[in-house]
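This report refers to the structure that appears directly beneath it.
The values are calculated or read from the model by the stated rules, or taken from the named source; none is laboratory data. Remember, it's a predicted structure, so these values are computed and weren't measured experimentally. Counting neighbours? That spans all protein chains shown, and the Cβs are built from the backbone with ideal geometry, glycine included. Accessible surface is based on the protein model in full, side chains and every heavy atom, while ligands, DNA and RNA are left aside. Shrake-Rupley method; radii C 1.70, N 1.55, O 1.52, S 1.80 Å.
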Amino acid sequence: MQEFFGLKVTGKPDAETLKIMKRPRCGVPDVSSFTITEGNPKWNKKNLTYSIENYTPDLAWEDVDDAVRKAFKVWSDVSPLTFTKITKGEADIKISFNYGDHYDNSPFDGPNGILAHAFQPGPGIGGDAHFDEEEKWTKDHTNYNLYHVAAHEFGHSLGLGHSSDIGALMYPSYGFSDLNNIQLSQDDIDGIQFIYGPSNNPDQPTGSRTPQACDKKLTFDAITTVRGEKIFFKDRFYLRKSPYEPEAEVNLISVFWPSLPNGIEAAHEVREKDIIRFFKDDKFWVATAQNVFPGYPRDIYRTFGFPRTVKKIDATVSEEYTGKTYFFVGKNYWRYDERKRSMDAGYPKPIINDFPGIGSKVDAVVNDNDFFYFFRGTRQYKFDLQAKRVIAVMKTNSWFNCGAY
């Protein structure tokens, strides 16, 4: 189990192992990335039927129907399979909500814990998906979103096992992502197409790839400090680097901040206020540690005074001892006074004038020990604010324990 979840293999139930064990998850046993259920079971036809045997009282019937339909579409979009709901006759995949021991040798364990399970393709109970009625089923980002759990379980109904790729839909632990659109990983797509072949779509679908800390081509969308740690954002993922741990933790943004969108474009911490701001397009969110404040997102114009010509923030960083926050937009930068809550006069200014050597545009920036680290592509530039010059150029992943990489 420790090896599967990417933990240090100790053979003992240490704190990190117990933390993983307590996370809500699917009831199907774990294997590895990507896997086919033992025995390689599959449906011997491409046009499958399903029925909803009963409905949870947590949601309106039409919401359950919609969640199930969208969950099947996740798989039909990337394979030659089709799924049709029937109300009469024997369906290939039967969906039901059940309490406790429901006589399939896989009893549910009450709220949280095991959320659902599904059976491999085959006759009788084969392909059927069961959901624990003692969970609170939702259609939003609160626990537990039926659409997301159903899409995972239907992967099992089609013959997929669990994946050890944290970004895969078939990863066993529950992790919420985009409310309306599940983004399959390439691992998910490779798995389903291994069983059933490619999609009939002339434009073959591609999936996301989980960032690897020691990838020489790694780039970042945004970086911020959070109470002594550094958080690196990439697509729908973050890499979390603690000064006390040699390895970076890779996880979904939605696991740490469920209400944040994917694709964060800029972020910074204001330490004296103990807040983090996250930016995407012309909107921003504010959080303390893992808690996103209510009333967000808000637009960047009224709060910070940006003109309407600014459509997004490329990078941002806060300077603790001066109370100044820098915003990098295209080839220019702005400076905001956190204590006066207003933009400083005389801005914007060209980046190249005050930050020579880093280029005219940046992807991300972070403050560490009063040095600014500017990221552009696969390089980062350590900038001395007092001397106003670059004092080192490094790879983007120099913060991680990559050995000879």
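At-a-glance table
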item	result
Per-residue [θ]222 nm for the chain (sum of -39500 (n - 2.57) over DSSP H runs n ≥ 4, rounded to 500)	-4000 deg cm²/dmol
Surface share of carbon and sulfur [accessible, 1.4 angstrom probe, percent] for the chain	49 percent
Per residue, in Å², the accessible surface of the chain once ligands and nucleic acids are set aside, probe 1.4 Å	47 Å²
Where N is the number of residues in region 279-320, Cα Rg divided by 2.2 N^0.38 Å	1.23
Relative contact order of region 365-405, pairs being alpha-carbon contacts under 8 Å that are 6 or more residues apart, as %	27 percent
Percent RCO, i.e. relative contact order, over the chain, from Cα pairs under 8 Å lying at least 6 residues apart	12 percent
Summed side-chain charge close to Arg271 - residues other than Arg271 whose Cβ falls under 14 Å, Lys, Arg +1, Asp, Glu -1	-3
For peptides 365-371, 169-175, 240-246, sequence by mean Cβ density within 10 Å, most packed first	169-175, 365-371, 240-246
Residue-span extension gain [Lys388 to Tyr99] - 0.36 nm each, minus C-alpha spacing	97.5 nm
Inter-part distance where region 246-266 and region 44-74 are each reduced to a Cα centre, Å	29 Å
Identified option (computed log10 I(q)/I(0) by the Debye sum over Cα atoms at q = 0.06, 0.15 Å⁻¹; candidates (i) -0.23, -1.53; (ii) -0.21, -1.37; (iii) -0.29, -1.30)	(iii)
For the chain, built as a Gaussian network whose Cα springs stay under 10 Å, the top-fluctuating residue of Tyr103, Tyr347, Tyr238	Tyr103
Rounded, prolate or oblate (a/c below 1.5 giving rounded, otherwise prolate when a/b exceeds b/c) for region 219-349 by Cα gyration tensor	prolate
